[in-house]
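Have a look at the structure below before the remarks.
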Amino acid sequence: MIEILRHLNWNPLFISLKTGFVATLISFFLGIWTAASLMYCDKRVKAVVDGILTMPMVLPPTVAGFVLLLIFSLRRPFGSFIFFHLDIKVVQTWLGCIIAATVISFPLMYKNARAAFEQLDVNLIYAARTLGMPDIKIFLEIILPNCKPGLLSGTILTFTRALGEYGATSMLAGNIPGKTGTISQKIAMVIQDGDYKTAGIWVLIIMLISFVIILFMNLLGLEKAAREKTWK
């Protein structure tokens, strides 16, 4: 095992971590903005938009990847336009990894943010408005601090989902070593080659990362519960 680790190519880990961080960053701001925008929408509109935004969470990742491939392929109008006019290529690039991971992981951030916002005591918002606080200040100083646990758990879940994304990433970005080859793709590739030892090492690595992240989230939850018990 030590010999395998010594000769292991760590590019898949770096690519997965970079993709996970960028996808989480995008999903964090986009998910909060979307959830906040839907807070006071009509229920029917909210139901339709919510269904569209959470669809990648229930669809097979390969289906989402196929849809993304249809959108960004150079044979399609949009993909051709952004390539020839904006010099942006998505298919078989690291940008494709980011887009695929963001699309798949975004619903987790959005759903957690929406749940956190809906559980917030609206009387806090009404009181702040009565005191003349502008909406942006209410959002930054009242809503976000009180929704911090939900937003934090959404961020952690989003990162872990983006880190392990495989299906959509394979469809859109491919498996180019050193460029788009993530841990999940590396595991699938070495298993096909019959190299179960290397696959096992990568499985242990991603399991360890996932466990540390989940443990961190659980410890934060215990700390929050302890603080609430102290306040009571």
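The values are calculated or read from the model by the stated rules, or taken from the named source; none is laboratory data. Quick caveat, the model's predicted, so the values are computed rather than measured. Here the Cβ positions follow ideal geometry from the backbone for every residue, glycine too, while neighbour counts run over all protein chains shown. Surface areas here come from the heavy atoms of the whole protein model, side chains and all, with no ligands, DNA or RNA. Shrake-Rupley method; radii C 1.70, N 1.55, O 1.52, S 1.80 Å.
Determine if segment 71-89 includes at least one residue that is closer than 17 Å to R114 by Cα, touching a helix residue (DSSP H, G or I) at 6+ places or on another chain (Cβ under 8 Å), open to solvent by less than 80 Å² (accessible area, probe 1.4 Å) and hydrophobic (A, V, I, L, M, F, W, C). Within segment 71-89, not a single residue is closer than 17 Å to R114 by Cα, touching a helix residue (DSSP H, G or I) at 6+ places or on another chain (Cβ under 8 Å), open to solvent by less than 80 Å² (accessible area, probe 1.4 Å) and hydrophobic (A, V, I, L, M, F, W, C).
With over 19 Å from E165 (Cα atoms) and modelled with pLDDT of 90 or more as the only criterion, which of V48, V63 stands out?
On the way: V63 fails: over 19 Å from E165 (Cα atoms).
Exactly one of V48, V63 is over 19 Å from E165 (Cα atoms) and modelled with pLDDT of 90 or more, namely V48.
Picking from residues in segment 149-174 that are open to solvent by 30 Å² or more (accessible area, probe 1.4 Å) and in contact with a Leu (Cβ under 8 Å, 6 or more places away or on another chain), the one that is modelled with the lowest pLDDT is P149. Of all the listed residues (P56, P12), the sole one being touching a Lys or Arg at 6+ places or on another chain (Cβ under 6 Å) and either part of a helix (DSSP H, G or I) or open to solvent by 40 Å² or more (accessible area, probe 1.4 Å) (or both) is P12. Of everything in segment 127-137 that is assigned to a helix (DSSP H, G or I), aliphatic (A, V, I, L, M) and over 25 Å from L53 (Cβ atoms), the residue that is nearest to the chain's Cα centre (by Cα) is A128.
Checking N146, N112 one by one, the residue that is among the polar types (S, T, N, Q) and crowded, with 18+ Cβ neighbours inside 10 Å is N112 and no other. Selection of segment 143-172 for residues being over 14 Å from M109 (Cα atoms) and part of a loop (DSSP other than H, G, I, E, B) yields G164, E165, Y166.
Of the residues in segment 21-37, at least one is over 17 Å from the mean Cα position of the chain (by Cα) and either assigned to a helix (DSSP H, G or I) or without any contact (Cβ under 8 Å) to a residue 12 or more places away in the chain (or both).
Within segment 41-53, the set of residues being surrounded by 15 or more Cβ atoms within 10 Å (Cβ to Cβ) and within 24 Å of V22 (Cβ to Cβ) comprises just one member, L53. In summary, K111 fulfils each of the numbered conditions (1) closer than 19 Å to F28 by Cβ; (2) charged (D, E, K, R); (3) in a loop (DSSP other than H, G, I, E, B) with the single exception of condition (3).
Taken together, L124, L140 contain a single residue that is touching a helix residue (DSSP H, G or I) at 6+ places or on another chain (Cβ under 8 Å), open to solvent by 70 Å² or more (accessible area, probe 1.4 Å) and assigned to a helix (DSSP H, G or I), which is L124.
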